[in-house]
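Q: After the structure tokens below, expect a handful of questions from me.
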Amino acid sequence: MASGTLLGFTVRVRAEAELDAIRAIMMIEVTGKSTTEVTRRLRGLPELKHLHSTNGKWDLVAEIQAASLGDFDRVLREVRETDGILNSETSLLLSSV
């Protein structure tokens, strides 16, 4: 609105509306003390819907959603080529049970 009353809005869709999306979980191992820089770079990828820090072997867990296998492949490549990432393991999410 021109008066500035409306500041914004959000659209939420049901999970069923995204059935065609490629979804995955990626566990990421970061070298040394580069977690802050790696996190900053990964946040720039719109397909990474959520990024979590964790403990154990993996330093980060990323939730990925891509429109196609081609987009998914590109995202995997971009993440793996990020300076500071030592290793990763990705699992596609096939169905909810």
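Q: Given the criteria open to solvent by less than 100 Å² (accessible area, probe 1.4 Å) and either in contact with a Leu (Cβ under 7 Å, 6 or more places away or on another chain) or at pLDDT below 75 (or both), does residue 2 qualify?
A: Judged against the criteria, residue 2 is not a match.
Q: Of all residues in region 59-87 being small (Gly, Ala, Ser) and over 13 Å from residue 42 (Cα atoms), which is least open to solvent (accessible area, probe 1.4 Å)?
A: Of all residues in region 59-87, those small (Gly, Ala, Ser) come to 62, 66-68, 70, 84.
Imposing the further condition that a residue be over 13 Å from residue 42 (Cα atoms) reduces the set to 66-68, 70.
On the way: 66: 5, 67: 82, 68: 46, 70: 51 Å².
If we take residues in region 59-87 being small (Gly, Ala, Ser) and over 13 Å from residue 42 (Cα atoms), then 66 is least open to solvent (accessible area, probe 1.4 Å).
Q: Shifting gears a bit: Quick one: in region 33-45, which of the residues that are out of contact with any strand residue (DSSP E or B) (no Cβ under 9 Å at 6 or more places or on another chain) and outside any helix (DSSP H, G or I) is farthest from residue 78 (Cα to Cα)?
A: 33
The values are calculated or read from the model by the stated rules, or taken from the named source; none is laboratory data. Computed from a prediction, not measured in an experiment: that's the story for all the values here. Here Cβ is always computed from backbone atoms with ideal geometry, including for glycine, and neighbour counts include all displayed protein chains. Keep in mind that these areas ignore ligands, DNA and RNA; they rest on the heavy atoms of the full protein, side chains included. Shrake-Rupley method; radii C 1.70, N 1.55, O 1.52, S 1.80 Å.
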